[in-house]
Structures are given as structure tokens and as C-alpha cells.
Amino acid sequence: DTEVTQTPKHLVMGMTNKKSLKCEQHMGHRAMYWYKQKAKKPPELMFVYSYEKLSINESVPSRFSPECPNSSLLNLHLHALQPEDSALYLCASSQDRYSPLHFGNGTRLTVT
Amino acid sequence: GENVEQHPSTLSVQEGDSAVIKCTYSDSASNYFPWYKQELGKRPQLIIDIRSNVGEKKDQRIAVTLNKTAKHFSLHITETQPEDSAVYFCAASMEWSSASKIIFGSGTRLSIRP
């Protein structure tokens, strides 16, 4: 069982659609992360939230918009995506800056 | 920013033999080095980690060594088994406010030959 839950598992969207990816953790972790992973590539850091505040934005295009409504939830709002944005989007959390990441199972996104 | 290089990209070893994967990092401020295993279609999972104040750490068949001076760290798997077949990622992390900025290496696809 994974302690970080991501929904949906799969998402197909057109370039004009607006959709959201959701992530939830109930481990009391105070840092939450979004990573993007293309096939046969490592996870690539997108955003980090710490204590519900955006701490790191790795120069991600504005068509990706993160949101952290509370300490347990993390959303990634998607708008006007491109086909090259198709990837596995992984959410992760950590207790603090000294702790390892716990990943969710990811959302496999296809942009048509 | 931090850059993590990982070698080799693929590794095939006979079951029962040892496997070694090596990584280098660029930023001397990095102080935490986790290793993740990712099986096909699954999420990355932590297998072992080491902090910069420690030179070596072992957990059963898995060990990690760290050379801070040379900015090298390595993963050693002994007595390999078929279930060790997966992609392994090293990573380097530095403290960033109250979170970690964890950057991954490019990955090593490990295959265990029966």
C-alpha cells in the first residue's frame, strides 16, 4: 500500500482542456513535491511546497499551476498543455528536509 | 545548480554476483544521498540513504559509500537475486528552506541473469 495517493491514475486530455491532478498524504509530512518523469528518464523536479508555501519552482511553464490547499493535499492544475507534456507525474512527500521522499504511484498523462 | 552523473546506464550481472553503481555530484552543499529502485510501471522506492557526515552504510545485501572530498558515492549490491532487476537512481539533496531539493541521476538499468 502506498501512503501517498494520487488521482487519477490515467488521464487523457486535449490541448485546450483544463484538468487537475490530485495528491494526498496523511503521514503528517510538511513538504510535498511534484516530479515529472518521461519514459526511461529520471524524475525531474517541478515544484516543492514546504509548510503549504511554494518553496521551489524549477522554471516550470505557467501552463502547470500548483496549489497546496492544506498540509495533506497537493494539486497540479493543467491548462493548454502540449503533446510533449505527456509523462508520468509523481507526487511525493517528506517529513522534513532531512528525510527521504515517499512517492505516490503517479498519474500517467497523455496530451492529444 | 546541482548536477548528478550516474554510471553505468545499463548493467547485467550473473545471479549471485555483485553489482556496483557509481554517481558523482557537483554541488558541495549537497548533504543527503538517497538511492531509489524503480520497477517497471511502479513508483520509485527508497532502498538506502546516506548523509554527508557518514562514509558508509549497510543494510543486509545493500551498501552505500560516500567520498565527500571527491564528490563520489556508490551503491553496492551483493549476492544479487532476480528481484533486484530494476532501474536504480542515485540522488543528491541539499537543504532548501525547510524542504529538500532532491536531484536524480540518469538511472542504471540492472538486469540479473539467471
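All of the numbers you see were taken from the coordinates with simple rules; none came from a lab. This one's a predicted model, so the numbers in the text were calculated from it and none came from an experiment. Cβ sites come from the backbone with ideal geometry, for glycine too, and all protein chains shown count toward neighbours.
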Normalised Cα Rg of chain A, dividing by 2.2 N^0.38 Å with N its residue count, works out at 0.99
Rounded to the nearest 0.05, what FRET efficiency do residue B:15 and residue A:27 have when you use their Cβ-Cβ distance and R0 = 30 Å? 0.25
Two decimals is fine: what is log10 I(q)/I(0) at q = 0.10, 0.11, 0.16, 0.17 Å⁻¹ for the protein assembly as shown, from a Debye sum with one equal scatterer on every Cα and no solvent? -0.45, -0.55, -1.11, -1.22
Report the Stokes-Einstein translational diffusion coefficient (µm² s⁻¹, integer) for segment B:62-110, Rh taken as the Kirkwood radius over Cα pairs, at 25 °C with viscosity 0.890 mPa s. 192
Dipole of segment B:1-44, Cα-centred, from +1 at each Lys and Arg C-beta and -1 at each Asp and Glu C-beta, to the nearest 20 debye? 160
Charge tally for neighbours of residue A:43 with beta carbon under 11 Å away, counting Lys, Arg as +1 and Asp, Glu as -1, is +3
Taking each residue of A:48-57 in turn, how many C-beta atoms of other protein chains fall within 10 Å of its C-beta, and what is the average? 3
Among A:72, A:17, A:112, which residue has its Cα positioned farthest towards the positive end of the charge dipole of chain A, with +1 placed on the Cβ of Lys and Arg, -1 on the Cβ of Asp and Glu, and the dipole taken about the Cα centre? A:112
Using a Cα-Cα cut-off of under 23 Å, which lysines could be cross-linked to residue A:38, ignoring same-chain neighbours fewer than 8 residues away? A:9, A:18, A:19, A:22, B:22, B:37, B:42, B:101
Rounded to a whole number of µm²/s, how large is the Stokes-Einstein D of segment B:12-114 at 37 °C and 0.692 mPa s, given Rh as the Kirkwood radius over C-alpha pairs? 234
Order by protection proxy (mean Cβ within 10 Å, highest first), peptides A:83-93, B:79-89, A:63-73: A:83-93, B:79-89, A:63-73
